[in-house]
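I have placed the structure first, in the form of C-alpha cells, so that the comments after it can refer back to it.
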Ligand code: SPV
Ligand code: MG
C-alpha cells in the first residue's frame, strides 16, 4: 500500500498536471473499492452521496464527525487518493480547519470547501444559496492551509456564485481572492444544462489555478471539450449512489412481487465477487500464517 503522503502527492500531481483527470464518487468503503477496481485514479467523497447513504439530506444534516468516519472507511479500503467534499466547512474558519485536520488524519488527500453559509443546501435544490462574504471565506481557506501545512494536501475552493445567480465577474473575483488565500485549485459549479457558463469562466480565468468541474447537469458535453478548455479535473459526483438506487429499487420490487429470489440471482453480484472486492484472500493467507495450524 502507498503511504498517506504518497497518496496525497498523487492527488496534487493529478490536479496540477496538464492532463484531464477524473474523480469518481464514492460514499462508503464498498463503492470506493468498486471505483478503484474499475480503474479510477481518484475518488470524490461526495457530500450528497454520503449523506444520502446515511439517510440524511444534503443540507448539513450529517455531522462533520460522521463525514470523517465515512471517509476513514473509504480511504482505508482503497489505495487511490480521496478528495473530500467538505461542504462549507461546517461553520466558520475554526470548524473548517478542524474538519480539514481530522479528514487528513483519517486518510483524505484533499478537501473541497464551498463558499456558502452553514447550513448549506445542495446546489441543485431551490434558490436559497446564500454566499459567504469573500474575506470571511478567505479566512476559512487560510485557516485550513495553516492548520494542515503538508504541501501535498490539496485545498480546492469551490465557487457557488453561478449557482446563486451571480454574474461571471463575481465568480472571477472570488476565484482570484481564493487563489490569493492559498487555494490549490478552483471548482467552478454550474447547474445549467450546457457548459457555456463553465467555458466562459475558463476563458476568462486562463488557468491561474487548475479548474475542477462537476458536470452533473451538463452531462451531454463531451470530455474532449473539457480537454480543449484546459480543465484539470472532472468529478463524476453522484453516479455510484444513483446506480445503487436504481439497482436496489429494481431488486426490491422484484423480490416483493415474485416472493422469490430465484429470478434475480443472475442479475446481482455473486458473493464471490463481493469477497474478492474486499480481499478475503488476504484474510485466508493471514490465517495460515498467524493461526496455530492443527
Ligand atoms: C456533492 O457531490 O455532494 C457535490 C456536488 O457537492 S453537487 O451535488 O453537484 O453539489
Ligand atoms: Mg456536496
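Looking across region 253-280, just one residue is touching a helix residue (DSSP H, G or I) at 6+ places or on another chain (Cβ under 8 Å) and exposed (fewer than 11 other Cβ atoms within 10 Å of the Cβ), and that is 267.
Given the options 220, 191, name the one that is part of a loop (DSSP other than H, G, I, E, B) and exposed (fewer than 11 other Cβ atoms within 10 Å of the Cβ). Give the derivation first.
Numbers: 191 fails: exposed (fewer than 11 other Cβ atoms within 10 Å of the Cβ).
The unique qualifying residue is 220.
The residues of region 253-273 that are in a helix (DSSP H, G or I), within 30 Å of the chain's Cα centre (by Cα) and free of Cβ contacts under 8 Å to residues at least 12 places away in the same chain, listed by number, are 271, 272, 273.
Among residues that are away from ligand 2 (no atom under 15 Å from the Cβ), within 16 Å of the chain's Cα centre (by Cα), under 18 Å from residue 67 (Cβ atoms) and in contact (Cβ under 8 Å) with a residue 40 or more places away in the chain, residue 107 is included.
Of the candidates 55, 89, the single residue that is within 16 Å of ligand 1 (Cβ to nearest atom), assigned to a loop (DSSP other than H, G, I, E, B) and surrounded by fewer than 16 Cβ atoms within 10 Å (Cβ to Cβ) is 55.
The listed residues are 71, 84, 78, and the only one of them that is in contact with a strand residue (DSSP E or B) (Cβ under 8 Å, 6 or more places away or on another chain) and within 12 Å of ligand 2 (Cβ to nearest atom) turns out to be 84.
Could you say which residue among 149, 135 is assigned to a helix (DSSP H, G or I) and away from ligand 2 (no atom under 16 Å from the Cβ)? Reasoning before the result, please.
Values: 149 fails: assigned to a helix (DSSP H, G or I).
Matching residue, one of 149, 135: 135.
Is it the case that region 13-24 has a residue that's buried (at least 21 other Cβ atoms within 10 Å of the Cβ), more than 13 Å from ligand 2 (Cβ to nearest atom), under 15 Å from the mean Cα position of the chain (by Cα) and farther than 19 Å from residue 185 by Cβ? Within region 13-24, none of the residues are buried (at least 21 other Cβ atoms within 10 Å of the Cβ), more than 13 Å from ligand 2 (Cβ to nearest atom), under 15 Å from the mean Cα position of the chain (by Cα) and farther than 19 Å from residue 185 by Cβ. Looking only at residues in region 227-252 that are free of Cβ contacts under 8 Å to residues at least 24 places away in the same chain and away from ligand 1 (no atom under 16 Å from the Cβ), the one that is surrounded by the most Cβ atoms within 10 Å (Cβ to Cβ) is 251.
Read-outs: derived from the displayed coordinates by stated rules, not from any lab. Quantities reported herein were computed from a predicted structural model and do not represent experimental measurements. Neighbour counts are summed over all protein chains in view; Cβ atoms, including those assigned to glycine, are modelled from backbone coordinates with ideal geometry.
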